[in-house]
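Read the structure below first, then the notes.
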Amino acid sequence: MTEKAKSDSTLCEQILEVRYKPNSKVLDHRGTWAQEMAQAMTMEHWGITENRIDVFNEGRKRTGFVGFRNAGYTVKDAPTKNFFPEQALKLLKVMFNLPAFDQQLHVLRIGVRSRFCTSFPNAFEDLLKRYCQRYFLLTDRAKAALNSSAKIVDVGISIYFEDDHGDFNTNSGPMRKEQVEHFFPEQDVSMDVGLYFDIDYWKQPNQPMGNRSISSLVSTYAELAWDRHEKIIELITGDI
């Protein structure tokens, strides 16, 4: 995987969740493992809830958890393409080293969701026009059926795909600043107009998997999400 810095004009949030068959041993050892996990993940803070251990840094830009039926990791505003998968794989390694977890984990679902919003230098209407011409195309018959004289004033598209790695859902569309602030409430939003792209990659193995297999899938999902986001940005805004 190539290390590549995120543009300062792009907001991002990446989330991992692994769901597995319930493991009651986690409940018995939460207190013992909490500080150990925080140290291994270089997190300043940790907490224990009813059924899981949480670790997080100051400002909660990085948060992770291990529970009795799922585990997850979230990075807000990752500086590089590699940052999230490296941190997520670190959490998985820590989890598999806990005594309650065997070398094989019966995985029900693995998902990596990546959300991006990239600043657009021109007016919202310009981005909307580009989006409708280059990504979302209404046929003449569709326009006539809806009302040929009607003008599109906003658009957001959800598309669902399947490939060799799993299923992935995408949501995208142009956004004004207030929309960006709604979708990224904990990040500093300086853009007036942005192109939003959300890709949720997932698989339901429902079978035992080792750390190496899970980590490989997580890395693939994270890399594909970043690459597809960049290609969509280039497609829509490439010749400004």
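The values are calculated or read from the model by the stated rules, or taken from the named source; none is laboratory data. Just so it is clear, the model here is predicted, and its values are computed rather than measured. Positions of Cβ are generated from backbone atoms using ideal geometry, with glycine treated the same way; all protein chains shown enter the neighbour counts.
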query: Restricting attention to region 165-179, and to residues there that are touching a helix residue (DSSP H, G or I) at 6+ places or on another chain (Cβ under 6 Å) and surrounded by fewer than 20 Cβ atoms within 10 Å (Cβ to Cβ), which single residue is nearest to R228 (Cα to Cα)?
result: H165
task: Being part of a loop (DSSP other than H, G, I, E, B) and small (G, A, S) is the filter; apply it to region 150-200 and report the residue that is farthest from the chain's Cα centre (by Cα).
output: A150
- request: Spot the failing condition for F101; the list is (1) among the aromatic types (F, W, Y); (2) at pLDDT below 95; (3) part of a strand (DSSP E or B), and only one is missed.
  value: (3)
field: Residue among L127, L138 that alone is in a helix (DSSP H, G or I) and surrounded by 11 or more Cβ atoms within 10 Å (Cβ to Cβ)
entry: L127
- prompt: Quick check, is A78 among the hydrophobic types (A, V, I, L, M, F, W, C) and either in a helix (DSSP H, G or I) or more than 28 Å from Q204 (Cβ to Cβ) (or both)?
  reply: no
- prompt: List the pairs whose first member sits in region 150-168 and is under 23 Å from E223 (Cβ atoms), whose second member is surrounded by 10 or more Cβ atoms within 10 Å (Cβ to Cβ) and of a type in the set (A, V, I, L, M), and whose Cβ atoms are under 9 Å apart, counting only residues at least 6 apart or on separate chains?
  reply: D163/L224; H165/L217; H165/L224; G166/I110; G166/L217; F168/I199; F168/L224; F168/A225
query: Yes or no: D154 over 30 Å from I214 (Cβ atoms), modelled with pLDDT under 95 and touching a strand residue (DSSP E or B) at 6+ places or on another chain (Cβ under 9 Å)?
result: yes
message: Cβ contacts < 7 Å: first residue touching a residue at least 40 places away in the same chain (Cβ under 8 Å), restricted to region 217-240; second residue of a type in the set (D, E, K, R) and part of a helix (DSSP H, G or I), any location; separation 6+ or different chain. Result?
response: L235/R134; I236/R130; I236/R134; T237/R130
query: Tell me, which residue of region 201-240 that is in a strand (DSSP E or B) and of a type outside the set (A, V, I, L, M) is surrounded by the fewest Cβ atoms within 10 Å (Cβ to Cβ)?
result: Q207
- line: In the set V107, V94, the lone residue that is within 30 Å of M43 (Cβ to Cβ), hydrophobic (A, V, I, L, M, F, W, C), within 26 Å of the chain's Cα centre (by Cα) and at pLDDT 95 or above is V107
- request: Hey, can you tell me all the residues within region 111-148 that are of a type in the set (F, W, Y) and either at positive phi or in contact (Cβ under 8 Å) with a residue 40 or more places away in the chain (or both)?
  value: F116, F120, F124, Y131, Y135
statement: Of the residues in region 51-78, those that are among the small types (G, A, S) and in contact with a Cys (Cβ under 9 Å, 6 or more places away or on another chain) come to A78
